[in-house]
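Below is one structure, written out as structure tokens; the observations come after it.
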Amino acid sequence: MGKPTGFIEFERINPSRRSPQERIGDYKEFVERMTPDQLNQQSARCMNCGVPFCHSGCPLGNIIPEFNDAVYRQNWHEAYELLSATNNFPEFTGRICPAPCESACVLGINQNPVAIEEIEKHIIETAFEKGFVQPRKPNLRTGKKVAVVGSGPAGLAAAAQLNYAGHQVTVFERDAQPGGLLRYGIPDFKLEKWVVERRVALLEQEGITFKCNAHVGVHISINDLLREYQAIVLAGGSTIPRDLNIPGRALKGVHFAMDFLKQQNQRVSGEAFNGEVLLATNRDVVVIGGGDTGSDCVGTSNRQGASSVTQLELMPKPPEKRTATMPWPTYPMVLKTTSSHEEGANRQWAVVTKAFKGDENGQLKSILVADLQWKASSDHKPAGFEEIPGTEREIPCTLALLAMGFVHPQHTGLIDELGVELDERGNVRANEQYYQTSIPKVFAAGDIRRGQSLVVWAISEGRECARRVDQYLMGSSVLESKDQSYLINT
């Protein structure tokens with residue numbers, strides 16, 4: 001602990017941002033860096049809490065109090081060593097993680113928690129600037145070859161760890177460039193793509209091979225991989241979006257959110273794309289779904305010059321603070337106002353979408369919605385939502401974006417060809433402890449195994465899966481587990 005009285009002396013501050021009016025004019029990141037004095041004070045707020053619940057709050061088990069102390073002492077090399085011991089990609093989580101570690105921060109019981117995520121981002125960016133981040137090449141090669149299918153956060157983490165263990169790793173990516181969700185799903189104003197490219201270049205220098213435009217199960221037979229590689233890691237994510245099969249679904253102007261976001265990311269990167277051009281310019285946009293993907297659609301629509309942006313959520317409006325049903329240190333389901341919402345959106349909660357309405361040319365023109373209310377269970381009916389009579393109305397809409405989450409990974413192609421066992425939700429079934437599928441040499445990690453989740457969970461899954469693959473190939477593993485991470489550098 002850097003300063004015993006730091007949590008008493010200093011309030012939490014967040015980094016400054018460019019104004020909404022300015023930032024919607026481009027796709028650049030808009031969160032400014034803290035000054036050295038601000039960062040010193042924020043790291044000083046980390047208290048000697050005895051039991052650091054932030055460890056368990058973080059899916060990666062980051063060694064948070066220790067790296068906060070190192071930042072306070074301005075020992076950036078030590079801070080970087082501590083952070084990178086458990087997190088392969090802090091430059092990603094420092095920008096886009098919802099920070100469950102902060103929800104578990106002991107200081108958060110009666111004050112604002114320590115600004116862990118922002119400190120994390122400063123550590124890794126300072127480490128890059130000071131030259132601490134160098135290719136981590138293995139001293140010896142095992143002669144074992146591993147194929148990783150998918151280059152999102154889970155695939156990249158698994159590849160990095162397996163390469164550290166000395167295996168020869170090849171990553172297969174169906175899109176034109178590596179990164180998966182990081183490159184094609186998250187807008188540049190939250191994660192500029194040079195950040196992803198910088199890390200991929202480092203992984204290549206470490207010895208990892210990337211093969212893009214290589215769709216396993218379509219362009220490449222999985223049987224060829226089974227013959228050539230001693231182990232395969234499936235990390236393709238959960239990519240099949242939840243649909244909304246209501247009247248008018250086939251009208252022009254109704255699209256999945258990820259198609260809209262991916263195309264804009266390709267546009268910003270100067271990458272060619274096929275299919276219909278999706279733009280919100282001068283259109284009344286309705287985003288159906290209140291999560292992060294929906295928020296990204298709001299921010300992108302504002303930058304494209306939408307006439308209006310409305311976001312609909314089926315669930316009721318969350319409370320602004322913790323309630324008795326979400327006690328510390330659990331992650332609280334409270335109202336979240338994102339940077340995209342700050343830029344402008346009409347948010348509506350407890351609203352059901354009943355139909356899409358179109359004109360004579362088959363073009364979407366409005367959405368029929370109604371308000372909902374929660375009904376407690378009774379002897380005759382289970383608990384659930386009921387439509388409030390007399391609330392049915394139409395909302396002008398010429399572009400509807402479905403952002404209601406993802407149901408499971410794509411089955412056609414790779415998964416069907418493999419014949420791997422699936423769970424009841426349609427995800428690849430893999431042992432909870434060993435990440436091994438019904439085919440012994442095939443492993444699964446990330447959303448393809450656990451379902452739609454967070455980037456930080458994907459990185460954690462990739463790391464743990466890599467350790468199990470290493471054990472499978474070598475009989476034991478040189479890679480540390482999450483439970484062993486606290487021993488590092490102590």
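Going by the conditions given, is residue 304 surrounded by fewer than 23 Cβ atoms within 10 Å (Cβ to Cβ), over 20 Å from the mean Cα position of the chain (by Cα) and closer than 27 Å to residue 412 by Cα?
no
If I go through the stretch 175-209 residue by residue, how many of them are assigned to a helix (DSSP H, G or I) and touching a Gly at 6+ places or on another chain (Cβ under 6 Å)?
2
So for the stretch 388-397 (the condition being assigned by TED's automatic domain parsing to the domain that holds residue 219, of a type in the set (S, T, N, Q) and either over 30 Å from residue 247 (Cα atoms) or at pLDDT 95 or above (or both)), does at least one residue qualify?
Looking through the stretch 388-397, none of the residues is assigned by TED's automatic domain parsing to the domain that holds residue 219, of a type in the set (S, T, N, Q) and either over 30 Å from residue 247 (Cα atoms) or at pLDDT 95 or above (or both).
What number of residues within the stretch 215-238 are under 23 Å from the mean Cα position of the chain (by Cα) and assigned to a loop (DSSP other than H, G, I, E, B)?
Number satisfying all stated conditions: 5.
When the stretch 141-159 is examined, which residues are found to be in a strand (DSSP E or B) and crowded, with 24+ Cβ neighbours inside 10 Å?
146, 147, 148, 149, listed by residue number.
All but one of (1) at pLDDT 95 or above; (2) over 29 Å from residue 188 (Cα atoms) hold for residue 59; which doesn't?
Status for residue 59: all satisfied but (2).
Could you list, in sequence order, the residues of the stretch 245-277 that are among the aromatic types (Phe, Trp, Tyr) and in contact (Cβ under 8 Å) with a residue 12 or more places away in the chain?
256, 260, listed by residue number.
From 33, 73, 17, 12, which residue is basic (Lys, Arg), touching a Phe, Trp or Tyr at 6+ places or on another chain (Cβ under 7 Å) and on the phi < 0 side of the Ramachandran plot?
Unique residue meeting the criteria: 17.
Name the single residue, out of those in the stretch 68-97 being in a helix (DSSP H, G or I) and among the hydroxyl-bearing types (Ser, Thr, Tyr), that is surrounded by the most Cβ atoms within 10 Å (Cβ to Cβ).
My answer is 93.
Of the numbered conditions (1) under 18 Å from residue 435 (Cβ atoms); (2) touching a residue at least 60 places away in the same chain (Cβ under 8 Å), residue 163 satisfies every one except a single condition; which is it?
(2)
The values are calculated or read from the model by the stated rules, or taken from the named source; none is laboratory data. Remember, it's a predicted structure, so these values are computed and weren't measured experimentally. Counting neighbours? That spans all protein chains shown, and the Cβs are built from the backbone with ideal geometry, glycine included.
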